[in-house]
1. At a Förster distance of 22 Å, what's the computed FRET efficiency of S29 paired with R76, Cβ-Cβ distance as r, to 0.05?
2. What part of the accessible area of region 1-93, given as a whole %, is carbon or sulfur when the probe is 1.4 angstrom?
3. Which aspartates and glutamates, on any chain, are close to K30 with Cα under 18 Å apart, when same-chain ones fewer than 8 places away are left out?
4. Can you tell me the dipole magnitude for region 100-153 around its Cα centre, using point charges on the Cβ only (Lys, Arg +1; Asp, Glu -1), in Debye to the nearest 20?
5. So for the pair L10, R113, with labels modelled 7 Å out along Cα→Cβ, what separation do we get in nm?
6. Top to bottom by accessible area (1.4 Å), largest first, where do W170, W65 land?
7. Please give the net charge around G91, taking every other residue with its beta carbon less than 9 angstrom from that of G91, where Lys and Arg add +1 and Asp and Glu add -1.
Amino acid sequence: SPQGGSIGLLAHTGDETRLQIVDVRGTTSKDLSGPNAGRVKGFSWAPDGQDLLFDAATDSRREIWRVSADGSGLGRFTNFTGQEPSWSPDGQRIAFASEDGIYVVDRAGTNLRRLTTFSGSRPSWSPDSQRILFLSKASGEGTAPDLWSMNADGANQKRVGVAGCWMVAWTDRPNFVLCIAGSAMSTVPAMHVLDLDLETAAGFSIVSLSEPTLSWTK
């Protein structure tokens, strides 16, 4: 959580994936996703730590839901197909992926806007809430997605030039990110953490690894 007292996680039970919250000592936990969430794929904390957004499969489609960190107030956030919500650091907007593009809504779930004309996944806000990174196969090259960048209003969309990007995390520098790139198609994936300058698309390998997960400490 933004305040550091709790950890949100996805717990796998049988055919379901639930959103749970646990305190940092591991002594108490709560199920936040409700009885009919099915398989949760992604979630995002509000910057103030009071609420979380998550995606859930309902009525044969995936939608964004909202719930308070204490488990109260569970309900649909949008009546629109979407997944992988990402709350902007200023708390004002939420980006999410849908079948036909990356969208944003305001914190009340209104003023829906489509930012891209092609599909993408895993939108991620810059620390100043002015840019969004996302993954897309729009270039048509290869089987793995590439890293794309755009302004928060959808302007200045560009492929950053990282082939085979699987996950990205912003650093505390406005133009630099860490990304995991490489091939995950083999039995032992060949993955590399890159320190990437978004303006020049120049990056250098930091470490190789075999598990495509990544986060950045504050």
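1. Values: r = 24 Å, r/R0 = 1.09.
For S29 and R76, the calculated efficiency is 0.35.
2. Values: 2160 of 4680 Å².
Roughly 46 percent of what the probe reaches on region 1-93 is carbon or sulfur.
3. The reachable aspartates and glutamates, counting only those whose Cα sits under 18 Å from K30, are E16, D51, D55, D70.
4. Details: 6 positive and 6 negative charges, 25 e Å.
The dipole of region 100-153 has a size of about 120 debye.
5. In this crude spin-label approximation the distance works out to 2.8 nm.
6. Details: W170 25, W65 45 Å².
Accessible-area ranking of W170, W65, largest first: W65, W170.
7. Values: positive: R93, R107; negative: D48, D90.
Once positives and negatives cancel, what remains is 0.
The values are calculated or read from the model by the stated rules, or taken from the named source; none is laboratory data. Since the structure is predicted, the reported quantities are computational estimates derived from the model, not experimental observations. Because the Cβ atoms are built from the backbone with ideal geometry, glycine has one as well, and the counts that use them run over all protein chains shown. The accessibility values were calculated without ligands, DNA or RNA, using every heavy atom of the protein model including side chains. Shrake-Rupley method; radii C 1.70, N 1.55, O 1.52, S 1.80 Å.
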